[in-house]
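Heads up, the thing below is written out as structure tokens.
The values are calculated or read from the model by the stated rules, or taken from the named source; none is laboratory data. Computed from a prediction, not measured in an experiment: that's the story for all the values here. Here the Cβ positions follow ideal geometry from the backbone for every residue, glycine too, while neighbour counts run over all protein chains shown. Side chains included, ligands, DNA and RNA excluded: accessible areas come from the protein's heavy atoms. Shrake-Rupley method; radii C 1.70, N 1.55, O 1.52, S 1.80 Å.
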Amino acid sequence: MELTYQPFELLLRHTFTIAKFSRTSTPVMLLKVEHEGQTAYGEASMVPYMGESFETATAFLGKVNASQFKFPFDFEEVMAYLDSIAPGNPAVKAGIDIALHDLEGKLLQKPCWQLLGTDPALMPQTSFTIGIDTADVVIQKVKENPGCKIIKVKLGRDSDKELIKTIRSVTDLPLFVDANQGWTDLQQSLDMCHWLHGQGVLLIEQPMLKTDPDSNAWLTERSPVPIIGDESVQRLPDVEKAKGVYHGINIKLMKSAGMYEAHQMILKAKELGLKLMIGCMSETSCATLAAAALAPQCDWADLDGPFLTSNNPYKLPEFVEGKWMLGNDAGLGIRQ
């Protein structure tokens, strides 16, 4: 089995601004695994605030011995091996995990969603994200919506209400909002939850610091809108900690170290009675298809990576009525 990889700078259509960061591109490592005449694909999307880079990914991949991966894959063993190489590095671990899932599907001649027990008929609509910006640019972004039936809005600054009012001036679509830990005052945050409820907001992601479970739990207990843990929920052990702090969790493959652990997180969250959102970083069609294979097992989806970028190296998956369509191609269904 041969593992190869190459760095790729994924360009954003607009400067992407959240509560505490801005960026115009995302470093991505594109991975390939070749085995028994099959070529499979993976992706590590390394947003800067997660601490990964081309340098860290290259260093990690240099320590990976691909001969460790034996088909049929025991993904629990694969993840244990990757975690034994070095802690952290969830995105590059996700890249390997995604490529091995794609390979497994191709070797078995079955789509990944089928191997994961997913029902494509349950695919949730995905949202289209609007970053913090001036009113004119926000309106332009809303008009660029590629057909999503939900708008996701980045909040977390003093201009939150103005941003929502600007969006409401041009669309009445339901909204997700994400404060990215930007709220600090409890009573103001609760007042904002009630105001946002009146604006057609369906959920609020990570309103307060991930290191402050008490404040997030206080807000969750009182909010009329579901509160979803994002930055505070990275990998499987974090799911249990979210119980009683949030109404639900946002799973991202680049946090969970790939599809295997994301699926385990879904199963654990359902066991605990937590609602489920599956989200993304800035990603190509590769990681989008990987997450889409699990999305029908979740309540909400925010898988708009290919819509926010301008140089996706793969074909756009089929998108109908605000939903990604899962096909019958073996593996993930990535097309060059």
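For region 161-179, the set of residues classified as open to solvent by 10 Å² or more (accessible area, probe 1.4 Å) and in contact (Cβ under 8 Å) with a residue 12 or more places away in the chain consists of K161, E162, L163, T166, R168, S169, V170, T171, D172, L173, P174, listed by residue number.
Taking each residue of region 195-219 that is assigned to a loop (DSSP other than H, G, I, E, B) and looking for partners that are of a type in the set (D, E) and at pLDDT 95 or above with beta-carbon atoms closer than 7 Å, six or more apart or interchain, yields Q206/D178; Q206/D230; Q206/E231; K210/E231. Listed by position, the helices (runs of 4 or more DSSP H) enclosed by region 63-174 that each have at least 1 residues that are in contact with a Cys (Cβ under 6 Å, 6 or more places away or on another chain) are 90-108. Taken as a whole, region 43-50 holds no residue that is free of Cβ contacts under 8 Å to residues at least 24 places away in the same chain, more than 20 Å from A291 (Cβ to Cβ) and not polar (S, T, N, Q).
Can you tell me which residue in region 1-31 is nearest to T184 (Cα to Cα), limited to those that are over 21 Å from the mean Cα position of the chain (by Cα) and either touching a residue at least 40 places away in the same chain (Cβ under 8 Å) or crowded, with 17+ Cβ neighbours inside 10 Å (or both)? My answer is Y5. Per the conditions (1) surrounded by fewer than 24 Cβ atoms within 10 Å (Cβ to Cβ); (2) of a type outside the set (A, V, I, L, M, F, W, C); (3) modelled with pLDDT of 95 or more, the sole criterion not satisfied by Q336 is (3). The residue list L326, L289 contains one member that is assigned to a helix (DSSP H, G or I) and crowded, with 24+ Cβ neighbours inside 10 Å, which is L289.
L303 meets each of the listed conditions (1) part of a helix (DSSP H, G or I); (2) open to solvent by less than 10 Å² (accessible area, probe 1.4 Å); (3) touching a Cys at 6+ places or on another chain (Cβ under 8 Å) apart from (1).
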